[in-house]
1. Of the numbered conditions (1) open to solvent by 30 Å² or more (accessible area, probe 1.4 Å); (2) under 60 Å from the mean Cα position of the chain (by Cα); (3) of a type in the set (Phe, Trp, Tyr), Phe801 satisfies every one except a single condition; which is it?
2. Does Lys665 satisfy the condition of being farther than 17 Å from His588 by Cα, touching a helix residue (DSSP H, G or I) at 6+ places or on another chain (Cβ under 9 Å), in a helix (DSSP H, G or I) and open to solvent by 40 Å² or more (accessible area, probe 1.4 Å)?
3. Tell me which of these Leu620 doesn't satisfy, since it passes every other one: (1) among the aliphatic types (A, V, I, L, M); (2) under 21 Å from Leu563 (Cβ atoms); (3) surrounded by 18 or more Cβ atoms within 10 Å (Cβ to Cβ).
4. State all residues of the range 414-427 that are open to solvent by less than 90 Å² (accessible area, probe 1.4 Å) and out of contact with any Asp or Glu (no Cβ under 9 Å at 6 or more places or on another chain); if no residue qualifies, say none.
5. Looking at (1) assigned to a loop (DSSP other than H, G, I, E, B); (2) open to solvent by less than 80 Å² (accessible area, probe 1.4 Å), find the lone condition where Thr710 falls short.
6. Taking the range 391-411, which residues are farther than 16 Å from Ala424 by Cβ and among the hydroxyl-bearing types (Ser, Thr, Tyr)?
7. I'd like to know if the range 435-443 contains one or more residues that are surrounded by 11 or more Cβ atoms within 10 Å (Cβ to Cβ), of a type outside the set (S, T, N, Q) and without any contact (Cβ under 8 Å) to a residue 40 or more places away in the chain.
8. Given the conditions (1) open to solvent by less than 90 Å² (accessible area, probe 1.4 Å); (2) under 27 Å from Leu275 (Cα atoms); (3) at pLDDT 90 or above, report the number of the one that Gln327 does not fulfil.
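The values are calculated or read from the model by the stated rules, or taken from the named source; none is laboratory data. As the structure is a prediction and not an experimental result, all values here were calculated from the model. Please note: Cβ atoms are built from the backbone with ideal geometry, for glycine as well, and neighbour counts cover all protein chains shown. The protein model used for the area step is the full one, side chains on, heavy atoms only, and it has no ligands, DNA or RNA in it. Shrake-Rupley method; radii C 1.70, N 1.55, O 1.52, S 1.80 Å.
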Amino acid sequence: MEEDAEGMDRFDMDGDFEGGRFGRDGEFYYERRRERAPQTRDDALYGVFAEGDSDYDSDDGRRRSRRKRRRDEAEPDLSRPVHFQSAGKFMPSKEPEPELEERPGLGAAASASASASAAGEDDAAEEEEDLDLPTAFGQRIAEGARARREERARERETAARRRQASGVASGKPAPALGSLGSNTKVAKMMAMMGYKDGMGLGKNEQGIVAPVETTLRPKNAGLGSVEGFKEPKPFFTKENLPPPPPPAPAKKEQQRWSKKAGAKKGPVLTKNELLAMRSEQEQDEQPTVVQKVIDMRGPQARVLTDLKGLNVEQEMEANDVPMPELQYNVRLLVDEAKADIVRLDGQLRREQEKVASLVREKEKVAKQEALQKRQLQVMEKIAGVLEQVRVDDTAGILSLEGLLKTFQELKACYVEEFKMCSVAWIACRFAHPLLIRVFQGWQPLQNPLFGLEIMSSWKDLLQGDQAYDFSGDVESMAPYAQLVCEVILPAVRISGTNSWEARDPEPMLRFLESWERLLPPIVLQSILEHVIMPKLSAAVDSWDPRREKVPIHVWVHPWLPMLGQRIDTLCHSIRYKLSSVLHVWQAHDASAYAVLSPWKDVFDAASWEDLIVRYIVPKLKMALQEFQINPANQKLDQFNWVMIWASAIPVHHMVHMLEVDFFSKWQQVLYHWLCSPNPDFNEIMNWYKGWKGLFPPELLANERIRMLLTAGLDMMNRAAEGLEVVQPGARENVGYLRATEKRQFDAAQQASQYMTHHAVPGAAMADMSFKESIQAYAMDQGLLFMPRVGKFYNGMPVYEFGTVSICIDSVKRLLYAQLQEGIERWSAVSLTQLIEMNRKARQR
């Protein structure tokens, strides 16, 4: 069968690869792919029709078989161990002499090349025989083949001489094919890493020196022994063992696997120790944000939460730890065991916490159950008591004292349930008809103390220490307030409306003071609004200051603390009543002070100042103007009339009035007295002290009054020293006259100019008065000009010039303007100043 299949192609992989073998994992490994014979020109030209392809050409078949056997013999088997063969001894000028015995200079490559050259010669001879073609085309093919054979032969010879020359030049045998010496680049790199030639690899030089032999076993042999096949030698034999390592590392290697060495690696942790250590670490560590690290350096990505043990494998390889794979697997098992312990411990803790939570919940539910049972029992008792009260009420035997005692016992025994169930409203429902019966026919103004004890007991029961509701909302009214509104308030309203007089406040005040603690705010406000205020308003409207002997403040002021803001409506009516009689009042009538002074702190400041400046100050100024200062026969009636009002009139008005109408006369009298021949300074000093003592303290505290008194004292000192005494007010009078004349001239000039440029056709200038010219000027400027009804200044009517109040003195042809609204400060102004004052008022 083998002879029949000799010329056929085989479809297995034995001829496709070199050094092929099956590994332990069942995979096929090979060293390199076998090279196919190149296709010749004849094969390209003729294909299957080339000569010698006939199945009956036995000579050609024998020649092919012979060539194949030679080629197989010539090809070296690189999978076998290397055998060294001597290249012979030769001089550089001579050809080498081949020797049959093996020498360490040349390896198997030289013998392989020699056998290959011999095979080439045989092939050439056979190809010459095969290419004996009769045609010219065949001759050309034969010549091309012959040229190629010669070229290949020359290349073989050149390569052989080059190999021989390199071996002879170095004096060392050529390195074997595939050895470390054949690759200089790799040899240099390993030398830089500390590798020494002839030594083993690794930190302790424990690696093998000889390369791993690969032997191709016979086909279908498997792992069993095969007859006639010689097994390769083991990797470590006595001949190829590496030199022994130094003694210290060997001792360390032996200690590494001893029992003592294993005990030194660390203590064995129990479950409790591991959990205790972990809890300590958790307590020591601060809470930090966990960041995930993805390690993608290995065949599979790993997700890490910390960097502990990240480079353990690399450290083990660097430290040359024995069996790192085993230690890695053991470490994984230990870590998994630790993780399982921690996980189970966490589950156990959660279950324990859950059990503890359930126990607490059970206790809580048990307490709630006991509380609800108690509440149910309390509710049953309260319901029983209320049912008995209802039965007594239906039977008509329920008394106010018994009802009060029953609910007081309920509140004392069950305080929380009394509030939660609003038992107070139930008590109020039963007490209401009984209290109506008790207070029937009661007169609160005649007998204000009646029922105080009863209502006080019910207040303690229904209201207790709870504060009153000041919101005034009827819907949110408390039980006690509701009871008072339905029992007490109607009697007070009836009695106050029918029998109480506002000019006699004592009965109502006495009742309110007695019931102050028992009246809720909403009830008190209702009494003030619906009983007291209507009565007071009617009394104020009917009050006549000229006929009433009792001052109005006597029966109005007692209500000020209770009325609060409600008094404003009464004050407006009272001011109107006072102003209606003060315009005919005279300064010598001291009753006006008795009526007005109590209202200074009741009226607002602006209203009080307006009332005083309008009706009191002008009359007092007239009194001071009529007052005569005579040291020989002094009468102080007018001065005393003025000093009575010192505490009621605002200080600045009082000071201005005294400075203009009193001190000017006083200083003139003092000046003439000092200028008289032989004045008696002791008498003058006593006269000075007497006048100073007539001023009240609030005026003496004023700086302007002290300055005016000091000016008189300075005049007395100059006269006593013999110096010239200057007449008081001389310089000021000169300056005032000059300013007054200038203002009069400017006002007259402006009015004349206006009448000249705005003359009415057909009318003469003399026909338009000074007032009409001012009115025409205001209309031309677009300002309002109208009189202010009932307002006067020094007997002259007041007009509105835009936003400024003015007075027109037609005799002196002067304009007087009020410098500030609400303050009686007037000054002569011009039309230009009036326009400027209106502009500033609009800007404000």
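1. The single condition Phe801 does not satisfy is (1).
2. Values: farther than 17 Å from His588 by Cα: yes; touching a helix residue (DSSP H, G or I) at 6+ places or on another chain (Cβ under 9 Å): yes; in a helix (DSSP H, G or I): yes; open to solvent by 40 Å² or more (accessible area, probe 1.4 Å): yes.
Taking the combined requirement at face value, the residue satisfies it.
3. That leaves (2) as the condition not met.
4. First, pick out the residues of the range 414-427 that are open to solvent by less than 90 Å² (accessible area, probe 1.4 Å): 414-415, 417-418, 421-424, 426-427.
Within the range 414-427, Tyr414, Val415, Glu417, Phe418, Cys421, Ser422, Ala424, Ile426, Ala427 qualify.
5. (1)
6. Those that are farther than 16 Å from Ala424 by Cβ and among the hydroxyl-bearing types (Ser, Thr, Tyr): Thr394, Ser399.
7. Initial filter on the range 435-443 (surrounded by 11 or more Cβ atoms within 10 Å (Cβ to Cβ)): 435-436, 438-439, 442-443.
Those left that are additionally of a type outside the set (S, T, N, Q): 435-436, 438-439, 442.
Still in the running and without any contact (Cβ under 8 Å) to a residue 40 or more places away in the chain: 438.
Looking through the range 435-443, at least one residue is surrounded by 11 or more Cβ atoms within 10 Å (Cβ to Cβ), of a type outside the set (S, T, N, Q) and without any contact (Cβ under 8 Å) to a residue 40 or more places away in the chain.
8. Failing condition for Gln327: (3).
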